[in-house]
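Trainee: Have a look at this one before I ask anything.
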Amino acid sequence: MPIREFIAQIVARPAAAVKVFFTALAAVIVVVFAIRLVGSTVEPLLRNTGTMLNEQAAKFSEEMGYYESNDAQMDMGMAATRGSVPSPSSVPIPQDEGSVGPDAEEYEVTEYNGTIKTRDLEDTCGEIEALKTRGEVIFENANRYERGCYYAFKVEKAFTEELLAIIEGLNPDTLSANTYTIKRLVEDYTSELEILEQKMAAIDETFESAKEAYAEIEALARNTRDAESLATVIDSKVQMIERLTQQRISVSEQLDRMQRAMADQIDRLDYTRFSISVEEDKFVDGKDIRDSWKAAVKGFVRDLNTVVQDVSINLITTVLVILQYVLYFFILLIVAKYAWRGARAVWRR
């Protein structure tokens, strides 16, 4: 059927034109909805596949690095067997950190950091919180949240092994120990405290000596009834008291801060610190499944709403814009028509 005849039939039968229009519109809606539905279904699959490929690539890279490291060690071993001498650049140069003396172990501090993954969060966190009732354990920080808990506490050194056994009994995923000496720090603090105490003693001694000297000068000025000298002595005495008082306050503040810092270091020597983080790790997590379904339904509703908007409001907007430009075209066509007629009329004259 020629296009002109088809258009003529549609014009002659308005009901058929409306039927064709709504049929085409319904077909567009079905096609767009199917495309969106297939896209929303395939996209997570492609994303998961890409993630799996990335993980496999990372694992392959690690394995290749491991094999290359082993090959390098084998080459070095063979070179050593043949009696080769390594170059100076390949020999590690130990850095001299200085000697801290034979009693450095007496100033050793040990800190434990661990992570526990559990399927029973309440029970595991409760077991750690139960340690609060023990007199030798002091909790410094305790934090519980939806998917885990965190505890920082210290225990007397005599009970370190007992507490460590309790933590190991919870099957930690990671548990590391960091041991180091703070002898240099304690010695520095001790030396600084001695200096500040000597400064304080010197200020007190100067203050008492100055008081005695000013008392004698003041008595002499009173006996000689020299008012001007007496006023000068009193003013100098007041200035001396203010200056020494300010110095004493400054040294006292420094001494207090240093004493607190020293007390903290002594506390570190008397206690062993633990920092334990607990994370929930369930095989089947109802909340995760529920959240996943919520996210999927929200995504579906969002896509459906976009489709409805595209085939309704956005389609109407597009049609109106097209009609606007069609109207502009006809207006320009009419203007051009009459302009052409006017130009021809002028030309004939």
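Trainee: Inside segment 128-139, can you point out the residues that are closer than 26 Å to D281 by Cα and either surrounded by fewer than 17 Cβ atoms within 10 Å (Cβ to Cβ) or free of Cβ contacts under 8 Å to residues at least 40 places away in the same chain (or both)?
Mentor: If the condition is that a residue be closer than 26 Å to D281 by Cα and either surrounded by fewer than 17 Cβ atoms within 10 Å (Cβ to Cβ) or free of Cβ contacts under 8 Å to residues at least 40 places away in the same chain (or both), then E129, A130, L131, K132, F139 are the ones that fit.
Trainee: Assuming L269 fulfils every condition listed in (1) touching a strand residue (DSSP E or B) at 6+ places or on another chain (Cβ under 9 Å); (2) surrounded by fewer than 10 Cβ atoms within 10 Å (Cβ to Cβ) apart from one, which condition is it?
Mentor: Against the list (1) touching a strand residue (DSSP E or B) at 6+ places or on another chain (Cβ under 9 Å); (2) surrounded by fewer than 10 Cβ atoms within 10 Å (Cβ to Cβ), L269 comes up short only on (2).
Trainee: Under 7 Å between Cβ atoms, at least 6 apart or on separate chains: pull out the pairs that start in segment 304-321 with a residue that is in contact (Cβ under 8 Å) with a residue 40 or more places away in the chain and end on any residue that is part of a helix (DSSP H, G or I) and of a type in the set (V, I, T).
Mentor: As it stands, the answer is V307/V32; D310/V32; V311/V28; V311/I29; V311/V32, since those pairs meet every condition given.
Trainee: So, one more: Condition test on K157, is it in the same structural domain as Q265 (by TED's automatic domain parsing), closer than 21 Å to A263 by Cα and surrounded by 12 or more Cβ atoms within 10 Å (Cβ to Cβ)?
Mentor: Judged against the criteria, K157 is a match.
Trainee: So which of V308, V301, V297, V326 is over 45 Å from the mean Cα position of the chain (by Cα) and either surrounded by 12 or more Cβ atoms within 10 Å (Cβ to Cβ) or assigned to a helix (DSSP H, G or I) (or both)?
Mentor: V326 is the lone residue from the list that is over 45 Å from the mean Cα position of the chain (by Cα) and either surrounded by 12 or more Cβ atoms within 10 Å (Cβ to Cβ) or assigned to a helix (DSSP H, G or I) (or both).
The values are calculated or read from the model by the stated rules, or taken from the named source; none is laboratory data. Note that the coordinates shown come from a computational prediction; the quantities given were computed from them, not determined experimentally. Cβ sites come from the backbone with ideal geometry, for glycine too, and all protein chains shown count toward neighbours.
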